[in-house]
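The values are calculated or read from the model by the stated rules, or taken from the named source; none is laboratory data. Here the structure is a predicted model, which means the values were calculated and not measured. FYI the Cβ positions are ideal-geometry reconstructions off the backbone, even for glycines, and counts take in every protein chain you see. Surface areas here come from the heavy atoms of the whole protein model, side chains and all, with no ligands, DNA or RNA. Shrake-Rupley method; radii C 1.70, N 1.55, O 1.52, S 1.80 Å.
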Amino acid sequence: MAIKDLPRDEYLLKGHAACPGCPITVALRIALKALGKKTILVIPACCSSVIEALYPKSAFNVPILNIAFEAAAAGASGVSAALKKLDKTDITPVVWAGDGGSYDIGIQALSGALERGTNFIYICYNNQMYSNTGIQRSGATPYGAWTTTTWTGKKEYQKELGEIVRAHHIPYVATAAISYPEDLYAKVLKAKNMSGPRYLEIFAPCPPGWRFDMSKTIEMARLAVETGAWVLYEEIDGRLAFTSYSKKILEGRDRKPIEDWLRLQGRFRYLTEDDIKKIKSRLDEKWNQYKAR
Amino acid sequence: MKTAISSPTIGAMGKTGTWRVFRPIIDVEKCIKCWRCWIFCPDGVISRNDHPRIDLEYCKGCGICAQECPVDAIKMEREKK
Amino acid sequence: MIVIDTGNNIAALAAKMARPQVIAAYPITPQTNVVERIAEFVEKGELDTEYIRVESEHSAMTACIAASATGVRTFTATSSHGLLLMHEMLHWAGLSRLPVVMVNVNRSIGPGWNIWSDLTDSLAQRDTGWIQLYASSNQEIFDNVIQAYKIAENEDIFLPVMVSYDGFILSHTSMPLDVPAQSKIDAFLPSFKPGWTLDVDHPITHGNIVPPKPYMDIRYSMENAMKKAQKIIEDVGEEWGKKFGRPYGLVQEYFCDDADYVFVTMAALAAEAKVAVDTLRGKGEKVGLINLRTVRPFPYSQLKYDNMIVIDRDLSPGLGGIIYHEMKKINSTMYSFIAGIGGVDVSYKDIERMYQLAQEGKEGWYPLEVK
């Protein structure tokens, strides 16, 4: 669906508390257009729980159960079970969580909910750090990135939660990025119209966390995909396919140099030539594997 | 019984337009109605009318709309004091 | 109908008869039979509930909270370390004012691993906003679980309720008890009506940032509900008495009226203390017993006796017996005994000995150090 044809309903109300240029709210606006009114969000501690603003007001126009940091998927399990008993399975329980609450502290609950075949959608927006608490490293933080707990750059490579989720063999696993709204919308819509456990991970470049100008949020997401640092894919009942620009790369288009993307982010300012070589060769290796599959 | 229940409210964080340092100005002549500005706006303050209109009460001035417009129809201007 | 069954099986039966629509639970010794019985009921078609076989106790309580918030009656069960793991979410359920009902099988906390009974696990949760009831027989387990729903779901309360009973002593011991017919339970328990709910037609956000002043209002509201709970627990217990022949109150008094000394204890120790009262009375001693059925809200008004011998099967290190210290504000002579910690056996003979020691003005850790 073209951008101009996307639904006009707004479930995220203006005047919310997000930073200017926040990728989370771009993603959320689009996702909610696909999910619609019959959605119950379960939101663990993360930027979104603050973006809701302060009691007694909320910036979200769908029901939200805020929940403890590690518990989002367990919360969605409870909502899903109750909806089934109440004969309200036309309502979709959706977790809306950051990478912190998904990759790290929330991974146990996520894995359990997936393995149990829970009827819900889990959406992880990934800004590659604990942004809500002020830019600390997470399991999703990439190699070499500055954070307030990795002042000289993270020494480890990030996990890939999408791969871990795929190992649970659920009906739908997909990745998206805010720079490709049609692709994101289509994926959320497809997930909504399926049942069982569905997982989406949305790439969300964060201006204060990654140190770039707030007007460049969409550009950062685009460049991440164009350099191959972030991959757009969709796996339906075990059949994996790359989508959108990532599909083009797989089919032969050259990836833009990764340095172009790294250079634009203050969090990578401390990378040495050696670091960049490491990142480059690891990325090349990954894409060679993708092409070999 | 009191528990932490909040109601959906426009302007929940107040008039976030006051956060702005730069404001977007749209040149409607150049606009091709692709509506990228509308979909990429993190605050949903751009409305779909005859041409994009920006709700300056809530626009935070991030500049994404200006950055993403394919025909450079949006410029960011510094707010006058 | 008279049945003979273990505390765990009876807890599961009571849960079944209360008709929760979502159960989320995780196994832990000595509670395991509860979750196993429930699985059997569900898979045999005897219990129409969504049973979430969660991957941890923290998730069990979270799922119950979420299901309750979506608008259904819920149930879970745990013990000791499982209860401790849930601690964050116990607070969450209380502050969310959700009427979740849970059964906790009391068990010592490790390390080292200790599966025997000790009440520190549930008493350590006394600040979480849960109403706490204790059972000293399998009959009381059944009766408390059903009443728990009526108390929790009372519109002046909307607080979660925990029913605790001793691991192995009750959980794995068969006792005879009377189980009312399902139709009578259905008549006693009205259908579930939530205090607030997640409704797509009237969207609300639960649990976003609350500034200090309104937060204090929320806490104040909780405390008021606890205050109201005193009378409601008594009312529900009275109604139960009328309908099923076994009245309940905040406490159970046994021969207190003319007593010179009154034992104050709870759970299985109270059952044992009853035997001690009988034997001592047989010897002409004027002793009585208060069985603390309710620990939250704490039934101060009921503890109006002098020379109270408080037996704690629990410990708050640096403070001493938890119940004894909760009672300190009562202006009365009291003797503190800490006994049965870690599941050490305490018989009615030990309790008789405690009476003798109290008469000598002694108290302390029985039998380690009494002075």
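Taken about its Cα centre, the stretch A:124-172 carries a charge dipole of roughly 100 debye when the Cβ of each Lys and Arg holds +1 and the Cβ of each Asp and Glu holds -1.
Qualifying trypsin sites (Lys or Arg not before Pro) in the stretch A:1-104, where qualification requires a DSSP coil assignment and no more than 12 other C-beta atoms within 10 Å, comprise A:Arg8. Shown here: the stretch C:168-297, whose C-alpha atoms stretch 67, 41, 30 Å along the first, second and third principal axes, sorted largest to smallest.
Computed with a 1.4 Å probe over protein heavy atoms only, the accessible area of A:Leu83 comes to about 10 Å². Accessible surface of the stretch C:2-118, 1.4 Å probe: 55 percent of it comes from carbon and sulfur atoms. The simple Förster model, with R0 at 22 Å and r as the Cβ-Cβ distance, assigns A:Asp87 and B:Arg48 a FRET efficiency of 0.05. Amide H contacts of A:Thr92: A:Thr39, A:Ile40, each under 5 Å away and 5 or more positions distant or on a separate chain (H built 1.01 Å from N in the peptide plane; Pro and chain starts excluded). The relative contact order of the stretch A:139-292, computed from alpha carbon pairs under 8 Å that lie at least 6 residues apart in sequence, is 23 percent.
Which of the listed residues, C:Trp113, C:Ser79, C:Ser137, is farthest toward the dipole's positive end in the stretch C:67-137, when Lys, Arg count +1 and Asp, Glu count -1 at the beta-carbon? Value computed over the given set: C:Ser137. For a modelled paramagnetic label at C:Asp201, 7 Å from Cα along Cα-to-Cβ, the residues of the stretch A:35-53 in reach, with backbone nitrogen under 19 Å, are A:36-41.
Given an 8 Å cut-off on Cα distances and at least 6 residues of separation, report the relative contact order of the stretch A:190-250 as a percent. With pairs under 8 Å counted, the relative contact order is 20 percent. Listed cross-link partners A:Lys187/A:Lys248; C:Lys227/C:Lys274; A:Lys155/A:Lys187; A:Lys4/B:Lys80 are compared with a 22 Å cut-off, the Cα-Cα value being larger for C:Lys227/C:Lys274; A:Lys155/A:Lys187; A:Lys4/B:Lys80. Given in Å, the Rg to one decimal and the Dmax to the nearest whole number for the Cα atoms of chain B are 14.9, 56. Computed over the stretch A:141-293, the convex hull of the alpha-carbon atoms projects to a mean area of 9.3 nm². Compactness ratio for the stretch A:119-216: Cα radius of gyration over 2.2 N^0.38 Å (N = residue count) comes to 1.19. Which aspartates and glutamates, on any chain, are close to C:Lys184 with Cα under 19 Å apart, when same-chain ones fewer than 8 places away are left out? Straight-line reach from C:Lys184, under 19 Å: C:Glu46, C:Asp48, C:Glu140, C:Asp143, C:Glu153, C:Asp235, C:Glu238, C:Glu239.
Rounded, prolate or oblate: which fits the stretch C:128-183, taking a ≥ b ≥ c as square roots of the Cα gyration tensor eigenvalues, rounded meaning a/c under 1.5, else prolate when a/b beats b/c? It is oblate, given that a/c is not under 1.5 and a/b is not larger than b/c.
Could you tell me which residue out of C:Ala273, A:Gln108, C:Ser174 lies farthest along the dipole of the protein assembly as shown toward its positive end? Charges go on the beta carbon: Lys and Arg +1, Asp and Glu -1, centred on the Cα centre. After comparing all options, I get A:Gln108.
Between 0 and 90 degrees, the angle of helix C:267-282 with respect to the longest Cα principal axis of chain C falls at about 30 degrees.
Probing with 1.4 Å while keeping every protein chain in the model, the per residue accessible area of the stretch A:1-149 equals 26 Å². For the protein assembly as shown, the Cα-based Rg and Dmax, in that order, read 30.0, 105 Å. Counting charges near C:Ile341 (Lys, Arg +1; Asp, Glu -1) among other residues having Cβ under 10 Å from its Cβ returns a value of -2.
Here is the list for the stretch C:93-157: chymotrypsin sites (Phe, Trp or Tyr not before Pro) lying in DSSP coil, each with at most 16 other C-beta atoms within 10 angstrom of its C-beta, are C:Trp113. For the stretch C:1-68, GluC sites (Glu not before Pro) meeting the loop criterion (DSSP other than H, G, I, E, B) and having at most 14 other Cβ atoms within 10 Å: C:Glu46. Note that the stretch A:255-260 has calculated 3J(HN,Hα) couplings of 6, 5, x, 4, 4, 4 Hz, one per residue in order, obtained from phi through the Karplus relation 6.51 cos²θ - 1.76 cosθ + 1.60 (θ = phi - 60°); glycine and proline are x. Here is how the number arises for chain C: DSSP H runs of 4 or more residues each give -39500 (n - 2.57), the sum is divided by the residue count, and the result at 222 nm is -12000 deg cm²/dmol. When only alpha carbons of chain A are considered, Rg and Dmax amount to 18.2, 59 Å. When the residues A:Arg255, A:Arg293, B:Arg48 are ordered by accessible surface, computed with a 1.4 Å probe over the protein chains alone, the sequence from largest down reads A:Arg293, A:Arg255, B:Arg48.
Which FRET efficiency, nearest 0.05, do A:Glu251 and A:Lys37 yield, Cβ-Cβ r, R0 30 Å? In this case the efficiency is close to 0.20.
Treating r as the C-beta distance of A:Thr152 and C:Ala181 and R0 as 60 Å, the FRET efficiency rounds to 0.25. Measuring between alpha carbons in the structure, the pairs from C:Lys150/C:Lys243; A:Lys192/A:Lys291; A:Lys88/A:Lys192; C:Lys150/C:Lys329; B:Lys2/C:Lys304 lying more than 23 angstrom apart are A:Lys192/A:Lys291; C:Lys150/C:Lys329; B:Lys2/C:Lys304. Taking Lys and Arg as +1 and Asp and Glu as -1, the other residues whose beta-carbon sits under 13 Å from that of A:Asn119 total +4. Among the residues of C:34-43, the average count of other protein chain beta-carbon atoms within 10 Å of the residue beta-carbon is 0.
Are there cysteines in chain B with no other Cys C-beta under 4.7 Å, and if so, which? Cysteines of chain B left without a disulfide-compatible partner: B:Cys31, B:Cys34, B:Cys41, B:Cys59, B:Cys62, B:Cys69. Cα axis of helix C:7-17 to longest principal axis of chain C: angle in degrees, 0 to 90, nearest 10? For C:7-17 against chain C, the angle is about 40 degrees.
Spatial offset of the stretch B:1-51 relative to the stretch A:120-183 amounts to 27 Å, using the alpha carbon center of each.
Quick one: grab the alpha carbon gyration tensor of the stretch C:247-361, order the square roots of its eigenvalues as a ≥ b ≥ c, and give me rounded if a/c is under 1.5, else prolate or oblate depending on whether a/b is larger than b/c. Since a/c stays below 1.5, the shape of the stretch C:247-361 is classed as rounded. Between the helical axis of A:23-35 and the longest alpha-carbon principal axis of chain A there is an angle of about 40 degrees. For the stretch C:136-274, averaging the sequence separation of C-alpha pairs within contact (under 8 Å, six or more residues apart) and dividing by the residue count gives a relative contact order of 33 percent. The alpha carbon centroids of the stretch A:41-102 and the stretch C:70-94 are separated by 18 Å. Ranking of B:Lys75, A:Lys277, B:Lys81, C:Lys242 by solvent-accessible surface, largest first: B:Lys81, C:Lys242, A:Lys277, B:Lys75 (1.4 Å probe, protein heavy atoms only, all chains present).
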